[in-house]
Amino acid sequence: MTVIADLDIARLDFWERPAAERAEAFAWLRRQERPVFFSQPKVPLARSGRGFYAAVRHTDVVEASRNAAVFANSPAVTNPEPPKWVKHIYGDSLENMDAPEHTRLRRIVSRAFAPRMMQRLEGLMQRRAETAVAELAKAGPGDFVELVAQTFTTHVVCDLLGIPEEHREKVLGWVRDTVEYQAVRSDPKGMLRHAVRNTRATFGLRNLVIGLGKERRREPGDDVISALANADVNGERLTGTELGAFFLLLVVAGIDTPGHTLSHAVTLLSEHPEQRELLLSDYDAHISGAVDEIVRYASPITQLQRTVVAEHELRGQPLVPGDKVVMFYNSANRDEQVFTDPDVFDITRGPNPHVSFGGPGAHYCLGAHLAKRELTVLLRELYTRLPGLRLAAPPVPMVSTFNNAVRRLPVTF
Ligand code: HEM
């Protein structure tokens, strides 16, 4: 039981441990009568708090997601919290807001995900999948992250918003810089070097969309930026800063996360050939279950935080305003009280009430449907064109307390 003796899920080095050890640690935490408290270690370029209670059972995560009167998203859902100046410069993110600001902003940005917009995206998504897989086929064995996952998910979000083709290379470069910055967080020297590039990339992404918003206010088109930047019948629209902040959220939420999920999909289907065979034996019958099982098993976002705003008891643990509660989606998704054989990867699992897109509540992932379509379309194209696709070497993970990220995925076929 050495794992338990020095267990500290708040420290980055815990996340460097082998997956089986981490799973054992969370299984132990789930067995505890009450949520366990963890003190906050110091992290460079972030605000260090007092610490947090770990919501590790499925019921904990559902309760903290659902009960907004007790569990608030502001000031920030990431733990540790970013310094205050970030908000002043970039504007606040939808994820960090509560009603009524959140309700207003979510109502506006939901236009981007309206059925009409999703329908228009379908044909484009298919063509992007064909191009990405053709690139991989042409390049020969290589890194799936760079050749397919990042390119595909970046194009899909750019298509969604209506970012012109001529900006795509630049956007992709900036996305890579922001991802690389996350990858070096554990290395202070590397972090400073990459912090400069990350800042340049973040400003580049933000300013590009603010500029496009201005253009489309003058000359509206039939695209999402126009729909967000121009007022609707109730006079509601996004300001330039809000548009910029929304795009920055989409870079993490809508490009990075689905990209890592695609890499996990390829890894899981390679490591479980019998599940892959089953999927490919009748793709249409199995893909929906497979997608849910991939996101449950991979839990692409590991954790998000809530701040307590009213006295409450969470599974016997008294909470007071100001307390922090961190929801561990990875743990809730392996809760043995909810999932039979939770460590088994089974694409026929049903029901599968995973919380990978968040628990039920006002912040449930806006892009969940889109993410599922991306996985469905890309995996079909991938295994049709390259049926022999498999791992050439084990995936290289990015060590992070926040997400289950894949830095490189060498594949061959
Ligand atoms: C497999 C891929 C994805 C996963 C695992 C994922 C997961 C999540 C999670 C856990 C949340 C927070 C829920 C909460 O706080 O209760 C979230 C929020 C969000 N996601 Fe996703 N997401 C994915 C893909 C996407 C895509 C493709 C988009 C858009 C293109 C997107 C846009 C958003 C937005 C805008 C929010 C904030 C919603 C709000 O605060 O009201 N996500 N996502």
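Computed extension gain for residue 126 through residue 176, at 0.36 nm per residue and net of the alpha carbon distance, reaches 15.7 nm.
Considering only 326, 195, 179, the residue lying farthest towards the positive end of the dipole of region 2-407 is 195, judged by Cα position with unit charges set on Cβ.
Across 365, 158, the residue with the most accessible area heads the list, and the full order at a 1.4 Å probe is 365, 158.
Of the accessible area of region 2-407, computed with a 1.4 Å probe over protein heavy atoms only, carbon and sulfur atoms account for 54 percent. Taking label positions 7 Å along the Cα-Cβ direction at both residue 271 and residue 199, the computed distance is 3.9 nm, reported to one decimal.
A dipole drawn for the chain from +1 and -1 charges on Cβ atoms has a positive end, and of 161, 338, 226 the residue lying farthest that way is 226.
Please figure out what share of the DSSP beta bridges in the chain is antiparallel and state it in percent, rounded to the nearest 5.
Working: 22 of 25 bridges.
Within the chain, antiparallel bridges account for around 90 percent of the total.
Taken over region 2-407, lysine pairs spaced eight or more positions apart, or on distinct chains, with alpha carbons under 22 Å apart number 8.
Using Stokes-Einstein with the Kirkwood hydrodynamic radius over Cα pairs, what translational diffusion coefficient do you get for region 106-169 at 25 °C and a viscosity of 0.890 mPa s, in µm²/s rounded to a whole number?
Working: Rh = 12.8 Å.
Stokes-Einstein gives a translational diffusion coefficient of 191 µm²/s.
Here residue 340 and residue 50 are evaluated by their C-beta separation; at R0 = 45 Å the FRET efficiency comes out at 0.75. Shown for the chain are the DSSP H helices of 20 Å or more along their axis, judged by Cα atoms, with a mean Kyte-Doolittle hydropathy of at least 0.0: 257-271, 283-298.
Surface exposure of region 2-407, expressed per residue as accessible area with a 1.4 Å probe, stands at 44 Å². A 1.4 Å probe over all protein chains sorts 11, 349, 200, 57 by accessible area into 200, 11, 57, 349, starting with the largest.
Efficiency by 1/(1 + (r/R0)^6): what FRET value for residue 103 and residue 33, r their Cβ-Cβ distance, R0 = 45 Å, to the nearest 0.05? Walk me through the intermediate numbers first.
Details: r = 36 Å, r/R0 = 0.80.
E between residue 103 and residue 33, to the nearest 0.05, is 0.80.
From the helices alone, meaning DSSP H stretches of at least four residues, give me the mean residue ellipticity at 222 nm for the chain, per-run term -39500 (n - 2.57), in deg cm²/dmol to the nearest 500.
On the way: 16 runs with 205 residues, N = 413.
Value at 222 nm, helices only, nearest 500: -15500 deg cm²/dmol.
One equal scatterer on each Cα of the chain, no solvent, Debye formula: the resulting log10 I(q)/I(0) at q = 0.08, 0.09, 0.11, 0.12 Å⁻¹ is -0.43, -0.55, -0.84, -1.02. If R0 equals 51 Å, the separation of the Cβ atoms of residue 236 and residue 166 corresponds to a calculated FRET efficiency of about 0.95.
The values are calculated or read from the model by the stated rules, or taken from the named source; none is laboratory data. Please read these numbers as outputs of a predicted model, since none were measured by experiment. All Cβ positions, glycine included, derive from the backbone under ideal geometry; neighbour counts span all protein chains shown. Quick note on the areas: whole protein, heavy atoms, side chains included, nothing else; ligands and nucleic acids left out. Shrake-Rupley method; radii C 1.70, N 1.55, O 1.52, S 1.80 Å.
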